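Worksheet: one structure, shown below.
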Amino acid sequence: MAKKKSVKDTSKFLQLRSVESGYGKLQILFGVDMDINPSDITLIIGPNGAGKSTILKSMFNLCDVYKGKVMYKGKDITKLPTHDRIKMGIAIVPQGRQVFSGLTVKENLEMGAFMTKEKELINTRMDEVLGHFPVLRKKLYDNAYSLSGGQQQMLAMGRGLMQDPQLLLLDEPSLGLAPKTMQEVFEKVKEIRDEGTAILMVEQNAKAACEFADKIYVLEEGRVAMHGGREILKSDKIKKIYLGGHEK
Ligand SMILES: Nc1ncnc2c1ncn2[C@@H]1O[C@H](COP(=O)(O)OP(=O)(O)OP(=O)(O)O)[C@@H](O)[C@H]1O
Ligand SMILES: [Mg+2]
């Protein structure tokens, strides 16, 4: 894929300001601030239930945002309808892959481009996506349920990329994958970043993901406990709790 147009003011690509979110009366996030750069892989780590997925959902209208702001390219998108967020170039690959198992690989990818009407553009995008994931090209007419876990993850990511996003939200792409397949998925994540798509990724496999993340946020009980570049990995607390090899 060709490198994307660069965003003019990188400091204003994606900003969360004092975000408080949850589900009905159940508040999960308490004043979350984040600054995401368009050329980075930004990683969110933290224990189960800390609210990592809820951060991604706050950006996609999938939970209630009670207070605070989500700013994207300088615009307040906190209350924007989902389809407008997609139009603005945000895509999400939810936790647990969620491909349409009864549809073929090709149909799944086409679903990802549902906002696009032009057949030619869809075909071009599909070609680009299949360039990233050659394994899917071989299985284009197979039903998604016949794919392995790693292939399904690639399909879910491919579907997200069909919208040609500038920001890709990835929720636990390595969940349930064998170490070798996890590394393959991570290689793809890096490739996507290198071609100009910002990545905001949640991962339980902190040790492996921290090796290539540009920026890391540690979330604990709905609050950012620590954030920074890879230098934060030197912190004893991070080493002990998150890099000690306790992986899901
Ligand atoms: N749709 C929902 N309705 C009500 N509560 C929810 C919903 N989704 C998540 N929760 C609750 O919000 C809390 C935070 O969940 P979230 O999925 O953000 O955590 P997480 O850090 O992603 O955890 P995990 O590592 O297990 O994926 C949990 O207590 C969860 O039960
Ligand atoms: Mg989660």
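Computed from the coordinates by the stated procedures, all read-outs in this text should not be read as laboratory data. Owing to the predicted nature of the structure, the values given are computational and were not obtained by experimental measurement. Here the Cβ positions follow ideal geometry from the backbone for every residue, glycine too, while neighbour counts run over all protein chains shown.
Mind counting the residues in the range 159-186 that are within 16 Å of ligand 2 (Cβ to nearest atom) and more than 30 Å from Glu118 (Cβ to Cβ)? Selection size over the range 159-186: 5.
Where residues in the range 48-64 are small (Gly, Ala, Ser) and within 16 Å of the chain's Cα centre (by Cα), which of them is farthest from ligand 2 (Cβ to nearest atom)?
Applying the first criterion (small (Gly, Ala, Ser)) to the range 48-64 yields 49-51, 53, 58.
This time we only want the ones that are within 16 Å of the chain's Cα centre (by Cα), so: 51, 53, 58.
Numbers: Gly51: 8, Ser53: 3, Ser58: 13 Å.
Out of the qualifying residues, it is Ser58.
Among the residues of the range 191-248, those that are of a type in the set (Asp, Glu) and either in contact (Cβ under 8 Å) with a residue 12 or more places away in the chain or outside any loop (DSSP other than H, G, I, E, B) (or both) comprise Glu191, Asp194, Glu195, Glu203, Asp214, Glu220, Glu221, Glu231, Asp236, Glu247. Taken as a whole, the range 169-190 holds no residue that is surrounded by 14 or more Cβ atoms within 10 Å (Cβ to Cβ) and more than 29 Å from Pro47 (Cβ to Cβ). Identify the residue in the range 200-216 that is away from ligand 2 (no atom under 16 Å from the Cβ) and among the aliphatic types (A, V, I, L, M) and, among all such residues, is surrounded by the fewest Cβ atoms within 10 Å (Cβ to Cβ). The qualifying residue surrounded by the fewest Cβ atoms within 10 Å (Cβ to Cβ) is Ala208. Scanning the range 192-245 for residues that are among the acidic types (Asp, Glu) and either in contact with a helix residue (DSSP H, G or I) (Cβ under 6 Å, 6 or more places away or on another chain) or within 13 Å of ligand 1 (Cβ to nearest atom) (or both) yields Glu203, Glu220, Glu221.
Pairs meeting the criteria (first residue in the range 35-48 and within 15 Å of Ile232 (Cα to Cα) and touching a residue at least 12 places away in the same chain (Cβ under 8 Å), second residue within 11 Å of ligand 2 (Cβ to nearest atom) and assigned to a strand (DSSP E or B), beta carbons under 8 Å, at least 6 apart or on different chains) are Leu43/Val202; Ile44/Val202; Ile44/Leu219; Ile45/Val202; Ile45/Leu219; Gly46/Leu219.
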